[in-house]
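K.L.:
Before we start, here is the structure in question, set down as structure tokens.
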Amino acid sequence: MCNLKVGVINIGIGNVGSIRSAFNFYGYDVDLVKQPEELRKIDVIILAGVGNFKSATSKLRASKFWHKLDHAVRVDRKPVLGICLGMQLFGDLSYENGENKGFGWIKGKVVKIEDKLVKVPHIGWEIVKPLDSKLFEGMRYNSFYFMHSYHFVPEDEDVVIATVGYGGLKIVSGVRKDNLIGVQFHPEKSQGDGLRFLRNFLKVAGCLLRE
């Protein structure tokens, strides 16, 4: 597992410094991937994002990452972890700032949190309900940090690996399909349980690469 080459997409859509530091905690050397050609040298891809869906897709296209990432996922079958907006990009469509197309790796749509009982954006610590024993193995509290106004609604409930209650909503906080794993929370900001999740992800990714 330690020999995995982990790369974080670094085009200004995610907090790559915190993510790199989180992986470094367990001794993993993480590359910051600034050019799409560098994806050839990477075993495992981290797609993190904060902010606006439309802006993220525009940056990915302008930097020539869009088609290279799509090829890495669909053809090369490289394990990918999507964090927050990164997970939302897995879907078909987002309604943030109009209708904007995602990668379509997992069928579903990204919609705004609509509940008058809670504040939007959703910011803070929450206890998630895990549905995947391998990725959430060894957690002490299942407590993770969230920061988002939109959430992913997949068509197939079988891809859901974690949920969180927020007001009257049950928000999908984790998905998994084939070589894709995504979380709505920020593991790099979630202290002990977040670090454990990243460690578990790399274990799962290692198994996927051996299949």
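K.L.:
Criterion first (in contact with a Leu (Cβ under 9 Å, 6 or more places away or on another chain), of a type in the set (Phe, Trp, Tyr) and at pLDDT 95 or above) does Phe103 satisfy it? Spell out the reasoning first.
P.N.:
Working: in contact with a Leu (Cβ under 9 Å, 6 or more places away or on another chain): yes; of a type in the set (Phe, Trp, Tyr): yes; at pLDDT 95 or above: yes.
For Phe103, the condition - in contact with a Leu (Cβ under 9 Å, 6 or more places away or on another chain), of a type in the set (Phe, Trp, Tyr) and at pLDDT 95 or above - is met.
K.L.:
With the structure loaded, tell me whether Gly82 is at pLDDT 95 or above, within 21 Å of Asn179 (Cβ to Cβ) and in contact with a strand residue (DSSP E or B) (Cβ under 6 Å, 6 or more places away or on another chain) or whether it fails that test. Walk me through it before giving the result.
P.N.:
Numbers: at pLDDT 95 or above: yes; within 21 Å of Asn179 (Cβ to Cβ): yes; in contact with a strand residue (DSSP E or B) (Cβ under 6 Å, 6 or more places away or on another chain): yes.
Criteria met by Gly82.
K.L.:
Additional query: Please return the ranges of helices (runs of 4 or more DSSP H) entirely within segment 50-120 where 2 or more residues are out of contact with any Asp or Glu (no Cβ under 9 Å at 6 or more places or on another chain), closer than 15 Å to His151 by Cβ and in contact (Cβ under 8 Å) with a residue 40 or more places away in the chain.
P.N.:
On the way: elements: 53-62, 65-74, 85-88.
Filter on segment 50-120 gives 85-88.
K.L.:
Further, regarding this structure: Are any residues in segment 9-38 in contact with an Asp or Glu (Cβ under 8 Å, 6 or more places away or on another chain) and either modelled with pLDDT of 95 or more or in a loop (DSSP other than H, G, I, E, B) (or both), and if so, which ones?
P.N.:
Asn15, Glu38, listed by residue number.
K.L.:
If you don't mind, there's one more thing I want to ask. Inspect segment 186-200 for any residue being among the hydrophobic types (A, V, I, L, M, F, W, C), under 18 Å from Val6 (Cα atoms) and surrounded by fewer than 20 Cβ atoms within 10 Å (Cβ to Cβ) and give the result as yes or no.
P.N.:
Pass one, segment 186-200, residues among the hydrophobic types (A, V, I, L, M, F, W, C): 195, 197-198.
After this cut, where a residue has to be under 18 Å from Val6 (Cα atoms) as well, the list is 195, 197-198.
Remaining after also requiring surrounded by fewer than 20 Cβ atoms within 10 Å (Cβ to Cβ): 195.
Yes, segment 186-200 contains a residue that is among the hydrophobic types (A, V, I, L, M, F, W, C), under 18 Å from Val6 (Cα atoms) and surrounded by fewer than 20 Cβ atoms within 10 Å (Cβ to Cβ).
K.L.:
Looking at (1) within 28 Å of Leu195 (Cβ to Cβ); (2) surrounded by fewer than 23 Cβ atoms within 10 Å (Cβ to Cβ); (3) not basic (Lys, Arg), can you tell me which one Met87 breaks?
P.N.:
With respect to (1) within 28 Å of Leu195 (Cβ to Cβ); (2) surrounded by fewer than 23 Cβ atoms within 10 Å (Cβ to Cβ); (3) not basic (Lys, Arg), Met87 is out only on (2).
K.L.:
Another question, then. Tell me which residues, restricted to segment 89-125, are among the small types (Gly, Ala, Ser) and under 17 Å from the mean Cα position of the chain (by Cα). Write out each step before concluding.
P.N.:
Step one: of segment 89-125, the residues among the small types (Gly, Ala, Ser) are 91, 94, 98, 102, 104, 108, 124.
The answer is Gly91, Ser94, Gly102, Gly104, Gly108.
K.L.:
Go through the residues of segment 136-157 one by one and say whether even a single one is within 23 Å of Val30 (Cα to Cα), surrounded by 22 or more Cβ atoms within 10 Å (Cβ to Cβ), within 17 Å of the chain's Cα centre (by Cα) and not small (Gly, Ala, Ser).
P.N.:
Yes: one or more hits.
K.L.:
Would you please name the residue that is farthest from Ala72 (Cα to Cα), looking only at residues in segment 138-158 that are in contact with a strand residue (DSSP E or B) (Cβ under 9 Å, 6 or more places away or on another chain), part of a loop (DSSP other than H, G, I, E, B) and of a type outside the set (Gly, Ala, Ser)?
P.N.:
Within segment 138-158, the match that is farthest from Ala72 (Cα to Cα) is Tyr141.
K.L.:
Could you list all residues from segment 167-179 that are surrounded by fewer than 20 Cβ atoms within 10 Å (Cβ to Cβ) and either in contact (Cβ under 8 Å) with a residue 40 or more places away in the chain or farther than 24 Å from Pro121 by Cα (or both)?
P.N.:
Our first condition is that a residue be surrounded by fewer than 20 Cβ atoms within 10 Å (Cβ to Cβ); within segment 167-179, this holds for 167-170, 177-178.
Gly167, Gly168, Leu169, Lys177, Asp178, listed by residue number.
K.L.:
Taking segment 39-49 as the search range and keeping residues that are outside any helix (DSSP H, G or I) and not charged (D, E, K, R), which one is farthest from the chain's Cα centre (by Cα)? First the steps, then the outcome.
P.N.:
The first filter runs over segment 39-49 and keeps only residues outside any helix (DSSP H, G or I), leaving 42-49.
The next check asks that each one be not charged (D, E, K, R); those that pass are 42, 44-49.
On the way: Ile42: 17, Val44: 13, Ile45: 10, Ile46: 7, Leu47: 6, Ala48: 6, Gly49: 8 Å.
Per the criteria, the residue is Ile42.
The values are calculated or read from the model by the stated rules, or taken from the named source; none is laboratory data. Predicted model, so just to flag it, every value in this text is computed and none were measured. Virtual Cβ from ideal backbone geometry, glycine too; neighbours counted across all protein chains shown.
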